[in-house]
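Engineer: Could you have a look at this structure, given as structure tokens, before my questions?
The values are calculated or read from the model by the stated rules, or taken from the named source; none is laboratory data. The shown structure was predicted, so the numbers you read here are calculated from the model rather than taken from an experiment. In this analysis, Cβ positions are derived from the backbone assuming ideal geometry, glycine residues included, and neighbour counts consider all displayed protein chains. Quick note on the areas: whole protein, heavy atoms, side chains included, nothing else; ligands and nucleic acids left out. Shrake-Rupley method; radii C 1.70, N 1.55, O 1.52, S 1.80 Å.
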Amino acid sequence: MPTAQRILSDIYRDSVALMRLSADLADLPGVTQASAIMATEANIRLLFEAGLIEQMSGAAPSDLLIAIEGEDEGSVAAALDRAEALLNNAPPQATGGPDEIRAPRSMEMALDGFPDADLALISCPGEYAAAEATKAVRLGLDVMIFSDNVAIAEELALKQLAAKTDRLVMGPDCGSAIINGVPLGFANVVAPGDIGIVAASGTGLQQVSCLIDHLGRGVSQAIGTGGRDLNAMIDGATMLQGLNILADDEQTAVIVLISKPPAAEVAARIQARAAGCGKPVVISFLGSDAGAPQSGNISIAKTLEQAAHMAVDLSKGVDPSGRMLPRHGLGAPEIRDLISTLSDGQQYMRGLYSGGTFSYEAMLLLEKDIGAVNSPSPIKAKNKLNDIWSSTGNTVLDLGDDQFTRGRPHPMIDHRLRNDRILQEARDPETAVILLDVVIGHGSHPAPAEAMAAAINSAREAANEIGHHPIFITFVCGTKADPQNLVRQQDALRRAGAVVVENNAQAARLAGDIISGL
Amino acid sequence: MYGKPPQSLNVINVGVGSFADVINSAGGQAVNVDWRPPAGGDAKAARALAGLVNDPAIDQANRTALEKFLSAKPVLEGVERAGDVIPGMGERTILHSGPPVDWQDVCGPVSGAVIGAVMFEGWARDRDAAAALLRHGEVTIEPCHHHSTVGPMAGITSPSMPVWVVSNATGGNKAFANLNEGLGKVLRFGANSPEVIDRLQWMATTLASVLAAALAASDGIDIRTIMAQALYMGDEVHNRNAAATGLLFKQLVSHALRSGLPVEDIAQAMEFIAGNDHFFLNVSMAACKSMLDAAHGVPGSTMVTAMARNGVEFGIRVSGCGDQWFTTSAPVVDGLYFPSYSMADAAPDLGDSAITETAGLGGFAMAASPAIVQFVGGTPADAIARSREMQAITIGRNNALTIPALDFAGTASGIDVRKVVDTGILPIINTGIAHKEAGIGQIGAGITRAPMACFTKAILSLFETHSGSPA
């Protein structure tokens, strides 16, 4: 099929804008593949791999490159023209207020016109993110780095620089935070309250803050640290600083710390600091072999759900240690009814996640009920799924992982990758349960459950062709105040015939109960 | 950041623009940076830059350098024989514009002009003999900038040519520039026919003696005052010098008449000045050079003290980087061409005249010169926008040189390498365009930008030097 490329010099658009443009171009008639990228070496390599480009010289990293594959030359040329027209018509990114003639071109320029700035939110490509963050710290700002692909040595240098001037560096790869009630990056609209969160996981932060809201309490600050903060090299720099901030914060009565298992010495240091912070602290280091559920001011939570419940109990002055949480809200007869719809040979669960921490937590919970599950990033190396494009046995995927998202939008923004996989799993005669997370809030897809309902319906039709009826288990991470509205999203999923539970832990336990009940 | 009332957070957003919308709708305040990769996408230079932003030692060094520039007071003292006054200029030396270049690499106009200068000096009888001398290294060619000198286009200055002597009354340093020959077949565009050489001889004798006598009778002419007036009269003192030439003429004419020289000589000299609206350009350049040399050599300063082109390379010098040049290929200017010429005929960017932009004039002062905007395409509104834009990459303003259309704001002064690399806003330059072949002359004019690569190289060098010293 014919391909063609066009270079537009010195036009910069951020990756999200380019992904949207790529998606629009791919929808044009006669176009089979389309990609608009900033022409960095890494991006050009992706186009090679996608077969969109054979060789390319003359494009600089500051150039915008459009590559189109189509059924005929005419469609390809039309798509290139369309791309250029869309880029030229795009409104300027923003203005700096009514008095500004033009938008500032650098952080320093922005600060000249906005001297009261507190924080820089950085989501530029990763290779430039550390430099932007360094500037921000040197200019006296706190920083949230949404970007990923920042070298760990750069993260360390940045956090050391920030420590010297007592600046906070959230990230890199910090997807979510709520500061003074203002959502940053991907975040939900949660009630204000007295529970402070420090999280090394964006979806972990979103899940716990949403459940706190759902349970009738609220959040003072939710500080993200980035996914690598608790490894030995970074030594929990941001989590320790966040803990100190919340310990000193008058609005905060209870503190929640969330992470995947940290390096042992880092965990010990954080626990020691938490023990001396003078406020009740809930620690949820998923999958770590924590000791007693409670000692002194520290409560240990095994799941994100439990962390939220413990924090809410502590905020209400209730002892959290005795509380029993429902497994998933479904009784034995209901589970039997679900199982009765399955045919012979339908025996495995397939978790298709958009949130990395959700997939990890699900694997931990499923391991206890149905044994280890396969995954491209499993808990134990022996369960590694080598071909990520084909599930085997019980399988859990994090579709937001780099392996899946290279050159594509994240599944929280664009559902096509996940919809294709839902269809593929439904056609697999061994699939009994398809487990799906839906994350709403600022930054996410504007109507994710509606989009997913359509995918569930076509997957069900495909399964019906082989006489099968897979069970869809879903949950929505969000709040009623989110732009997408929690209840509306849940209703859309129910109308599509999915089982809707309250949170990830419930979803994983229900999937486990169905598979082990076969 | 913390301890503020709920729903208050002020954010500078770099990257995904929609994150700012969320913040604004949730009660916070966010400003989007119109971001693009710094340093033209060179991640290493972007990191080096980050290490230099908001550095107190650099900021202090830049304030010092800028103050030396602003307080410089260029005074036109005289006209002298180049070989007698230009420091370090040997008797067999020819100076050229831009960064250093080897004889075998020079562009067409420079080649023609150097050969013309050799014949003017009488070192060779014809072009072939002149070329042979140069090929055998019997004549040295060196940058004007290495000798406190500047020259437009080819910038060719040989020992017997007359030069303007401009003295900085505050700093004591001097700067020099050759005299402007006018338009048409002229040495600075590479022409070297007998009429060109004859004119140079006349300039070295009759014109030089009239100007020298007139200036000797004056107390020295304050050039900054002429430039300040000219900015109010439609000049930007680079590509438009009509007003400034008239102002200079007014100051010279009575002194010349009283000099006692033959009236016919004086009349010829005055006619020559009156017939060339660019006559002031070389004075303007020498004045800018004297102001910028005053600011050169401040350790740690990231202020640009020269931008210059030799028709092959574009180069910049930086106050805190000593004698280093940071160079890259000179661009061919995408300007307006005279009928029958196009970019294919053009020599790459040429001349020391970007010293005016380095000093905040020329393209930086476009807002003062609506006429030239029309000449090079664009509207007066574009001119004002361009002058405003330059404020974003400079350290301060020159309140001695103000622009009415900018509410009498001082010209943007002291280009900061860091700000250029950070914002991607490249210094704007008004320029004439030379034909790539020697002697054909000017074929167009346009607005161009200094290339990013010079600034990227400077940032890497500054970072290397700076990271060795306490921050």
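Engineer: Sort out for me the Cα centre separation of segment A:424-499 from segment B:24-82, rounded to whole Å.
Structural biologist: Answer, in whole Å: 53.
Engineer: How big is the C-alpha Rg of segment B:73-285 next to the rule-of-thumb value 2.2 N^0.38 Å, as a ratio? Numbers along the way, then the final one.
Structural biologist: Details: Rg = 16.7 Å, N = 213, 2.2 N^0.38 = 16.9 Å.
For segment B:73-285, the normalised Cα radius of gyration is 0.99.
Engineer: According to the square roots a ≥ b ≥ c of the eigenvalues of the Cα gyration tensor, what is the shape class of chain A, taking rounded for a/c under 1.5, prolate for a/b larger than b/c otherwise, and oblate for the remainder?
Structural biologist: Note, shape of chain A comes out oblate.
Engineer: Also, I was wondering about something else. At 7 Å along Cα-to-Cβ for each site, give me the label-to-label distance between A:ALA481 and A:ILE11 in nm.
Structural biologist: So the two model labels end up 4.0 nm from each other.
Engineer: Based only on Cα atoms, what Rg/Rh ratio does segment A:332-516 have, Rh being taken as Kirkwood's radius?
Structural biologist: Details: Rg = 15.1 Å, Rh = 16.2 Å.
Ratio of gyration radius to Kirkwood radius for segment A:332-516: 0.93.
Engineer: Considering only DSSP beta bridges where both residues belong to the protein assembly as shown, give the percentage that are antiparallel (nearest 5). If you can, show how the numbers build up before the last one.
Structural biologist: Working: 64 of 123 bridges.
Counting only bridges with both partners in the protein assembly as shown, antiparallel ones make up about 50 percent.
Engineer: Quantify, in whole percent, the carbon and sulfur part of the accessible surface of segment A:108-322 (1.4 Å probe; protein heavy atoms only).
Structural biologist: Working: 3480 of 6910 Å².
Carbon-and-sulfur percentage of accessible area, whole number: 50.
Engineer: Also, quick follow-up: Would you work out what percent of the accessible area of chain B, with all protein chains in place, is carbon or sulfur (probe 1.4 Å)?
Structural biologist: Values: 8150 of 15840 Å².
Using a 1.4 Å probe with all protein chains present, chain B comes out at 51 percent carbon and sulfur.
Engineer: While we're looking at this one, here's another question. With a cut-off of at most 13 other beta carbons within 10 Å, and DSSP calling the residue loop, which GluC sites (Glu not before Pro) in segment B:69-172 qualify? Please list them.
Structural biologist: Values: sites: B:GLU77, B:GLU80, B:GLU91, B:GLU121, B:GLU138; in loops: B:GLU91, B:GLU138.
Sites meeting the loop and neighbour criteria: B:GLU91, B:GLU138.
Engineer: Where the eigenvalues come from the Cα gyration tensor of the protein assembly as shown, what are the semi-axes √(5λ) of the equivalent ellipsoid, largest first, in whole Å? Don't skip to the answer; put the middle values down first.
Structural biologist: Numbers: eigenvalues 965, 179, 94 Å².
Each semi-axis is the square root of five times an eigenvalue, giving 69, 30, 22 Å.
Engineer: Follow-up question, since we're still on this one. For chain B, list the DSSP H helices whose alpha carbon atoms reach 15 Å or more along the long axis and whose average Kyte-Doolittle value is -0.5 or above? Write out the running numbers ahead of the final one.
Structural biologist: On the way: long enough: B:56-71 (22 Å, -0.32); B:108-121 (20 Å, 1.31); B:242-257 (22 Å, 1.06); B:263-274 (16 Å, 0.78); B:281-295 (21 Å, 0.85); B:380-391 (17 Å, -0.84); B:452-467 (22 Å, 0.76).
Passing helices, by number: B:56-71, B:108-121, B:242-257, B:263-274, B:281-295, B:452-467.
Engineer: Using a 1.4 Å probe, how large is the accessible area of A:ARG167, given in Å² and rounded to the nearest 10?
Structural biologist: A:ARG167 exposes around 60 Å² with every protein chain in place.
Engineer: Could you work out the helix-only [θ] at 222 nm for chain A, with each DSSP H run of four or more residues adding -39,500 (n - 2.57) and the total divided by the number of residues, to the nearest 500 deg cm²/dmol? Write out the running numbers ahead of the final one.
Structural biologist: On the way: 17 runs with 201 residues, N = 518.
Helix-only estimate at 222 nm: -12000 deg cm²/dmol.
Engineer: Report which residues of segment B:399-422 become buried by 40 Å² or more of accessible surface when going from the isolated chain to the complete set of protein chains (1.4 Å probe; DNA, RNA and ligands ignored).
Structural biologist: B:ASP422
Engineer: At 1.4 Å probe size, with no ligands or nucleic acids counted, give the accessible surface of A:TYR128 in Å², nearest ten.
Structural biologist: 0
Engineer: Another question, then. Round to a whole angstrom and tell me the spacing of the C-alpha centers of segment B:256-293 and segment A:166-183.
Structural biologist: 64
Engineer: What accessible area per residue comes out for chain B, rounded to a whole number of Å², with a 1.4 Å probe?
Structural biologist: Values: 15840 Å² over 471 residues.
I get 34 Å² per residue for chain B.
Engineer: Any idea of A:LYS480's accessible area? Nearest 10 Å², probe 1.4 Å.
Structural biologist: 130
Engineer: What are the semi-axes of the equivalent ellipsoid of chain B, taken as the square roots of 5 times the eigenvalues of the Cα gyration tensor, listed largest first and rounded to whole Å?
Structural biologist: Details: eigenvalues 331, 115, 89 Å².
After diagonalising the Cα gyration tensor, the semi-axes are 41, 24, 21 Å.
Engineer: Let me ask you something else. Among the chymotrypsin sites (Phe, Trp or Tyr not before Pro) within segment B:386-467, which fall in a DSSP loop and have no more than 15 other Cβ atoms within 10 Å of their own Cβ?
Structural biologist: Values: sites: B:PHE408, B:PHE455, B:PHE463; in loops: B:PHE408.
Listed in order of number, the matching sites are B:PHE408.
Engineer: Continuing with the same structure: So if each residue of separation counts as 0.36 nm, and I subtract the Cα-Cα distance between A:GLU334 and A:ARG495, what length gain in nm does that give?
Structural biologist: Between A:GLU334 and A:ARG495, full extension yields an extra 56.2 nm.
Engineer: Give the interface area between chains A and B as buried accessible surface, both sides summed, probe 1.4 Å, in Å² to the nearest 100. Could the numbers behind the result be given before it?
Structural biologist: Working: alone 22600 and 18330 Å², together 35910 Å².
Buried area (both sides, nearest 100 Å²): 5000 Å².
Engineer: Count the net charge of all other residues whose Cβ sits under 15 Å from the Cβ of A:THR225, scoring Lys and Arg as +1 and Asp and Glu as -1.
Structural biologist: Numbers: positive: A:LYS159, A:ARG167, A:ARG228, A:LYS260, A:ARG269, A:ARG273; negative: A:ASP142, A:ASP148, A:GLU155, A:ASP173, A:ASP229, A:ASP235.
Its environment carries a net charge of 0.
Engineer: Further question on the same structure: So what is the 222 nm mean residue ellipticity for chain B from helices alone, if each DSSP H run of at least 4 adds -39500 (n - 2.57) and you divide by all residues, rounding to the nearest 500 deg cm²/dmol?
Structural biologist: Working: 17 runs with 175 residues, N = 471.
Result for chain B: -11000 deg cm²/dmol, rounded to the nearest 500.
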